[in-house]
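Report on one structure; see the data block that follows.
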């Protein structure tokens with residue numbers, strides 16, 4: 001009888017044991033800790049200056065947001081960005097894409113994006129930008145990013161194709177960006193697995209307590225589209241007649257977040273629990289510097305700060 005490869009490998013003392021699985025609560029905490037380092041690019045005045053220099057409109061943040069985030073994909077169509085960003089109204093995306101590429105080519109946007117991240121982080125971190133702890137954190141985050149599997153993760157793969165910058169604080173920013181897009185791609189798979197379309201995603205998230213509905217209005221859905229999604233989720237049993245989440249709705253959102261954390265765990269498992277905890281400690285002062293600028297919104301559509309049973 002032939003011996004299976006699995007059985008043979010398990011019995012071979014030369015095969016190293018599998019890395020201990022990183023607890024899902026730690027996976028989620030790493031995302032919540034690192035996200036501000038990436039998100040500063042969307043709110044910093046230095047980024048606005050770079051967008052203006054490209055000729056992009058700066059009276060609202062969405063033209064530069066779509067440019068900064070979509071540029072790794074190349075001159076992406078509105079259809080591609082609607083699919084990969086998921087939660088935005090297609091009509092809203094069409095207002096900005098592909099028009100921004102007629103003003104600024106993706107290659108120019110990528111150069112400006114890195115300059116903006118550099119200037120924004122230097123302004124927020126001050127002397128800490130040269131702290132050896134930042135360089136050590138950058139090396140760990142880069143190791144995690146390099147360990148990520150990009151199959152069926154288009155935004156993560158597009159960012160992974162970019163060259164690494166030289167400065168440690170920019171290596172950290174780029175690694176964090178790759179990891180958060182890796183997580184985001186997996187989050188879309190989790191939403192699809194639980195039968196939520198883009199506007200239902202936002203309605204259910206708001207109802208579960210992520211943020212008030214008016215915060216989600218930035219995604220461009222009309223009142224009629226929001227109301228129709230509310231009706232669908234009510235019929236499904238996820239929402240009560242008053243629009244609040246039912247027990248089934250809260251359980252459904254918790255299941256989405258659990259699957260998201262599971263799908264995001266690969267790079268962190270390869271890094272190892274001890275290194276993950278060390279990274280979280282290393283970056284915390286820099287993250288507090290970024291949060292301390294007051295540039296980031298107090299409430300966002302991401303639901304950072306929400307807790308779920310699997311985090312215990």
**OP:** Answer yes or no as to whether residue 30 is in a helix (DSSP H, G or I), modelled with pLDDT of 95 or more and more than 25 Å from residue 218 (Cα to Cα).
**Re:** yes
Original post:
What tally of residues in segment 240-258 results from selecting those that are in contact with a strand residue (DSSP E or B) (Cβ under 9 Å, 6 or more places away or on another chain) and either in a loop (DSSP other than H, G, I, E, B) or more than 13 Å from residue 194 (Cα to Cα) (or both)?
Top reply: 2
**OP:** Go through segment 89-109 and give me each residue that's buried (at least 16 other Cβ atoms within 10 Å of the Cβ), over 30 Å from residue 200 (Cα atoms) and touching a residue at least 40 places away in the same chain (Cβ under 8 Å).
**Re:** 104, 108, 109
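Find the residue count for segment 203-217, including only residues that are free of Cβ contacts under 8 Å to residues at least 40 places away in the same chain and within 20 Å of residue 62 (Cβ to Cβ).
4
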**OP:** Inspect segment 218-237 for any residue being under 25 Å from residue 65 (Cα atoms), free of Cβ contacts under 8 Å to residues at least 40 places away in the same chain, surrounded by 15 or more Cβ atoms within 10 Å (Cβ to Cβ) and over 22 Å from the mean Cα position of the chain (by Cα) and give the result as yes or no.
**Re:** yes
Subject >> Breaking point among (1) part of a loop (DSSP other than H, G, I, E, B); (2) buried (at least 16 other Cβ atoms within 10 Å of the Cβ), for residue 209 >> reply: (2)
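The values are calculated or read from the model by the stated rules, or taken from the named source; none is laboratory data. As the structure is a prediction and not an experimental result, all values here were calculated from the model. Using ideal geometry, Cβ is built from the backbone for each residue, glycine included, and neighbour counts are taken over all protein chains shown.
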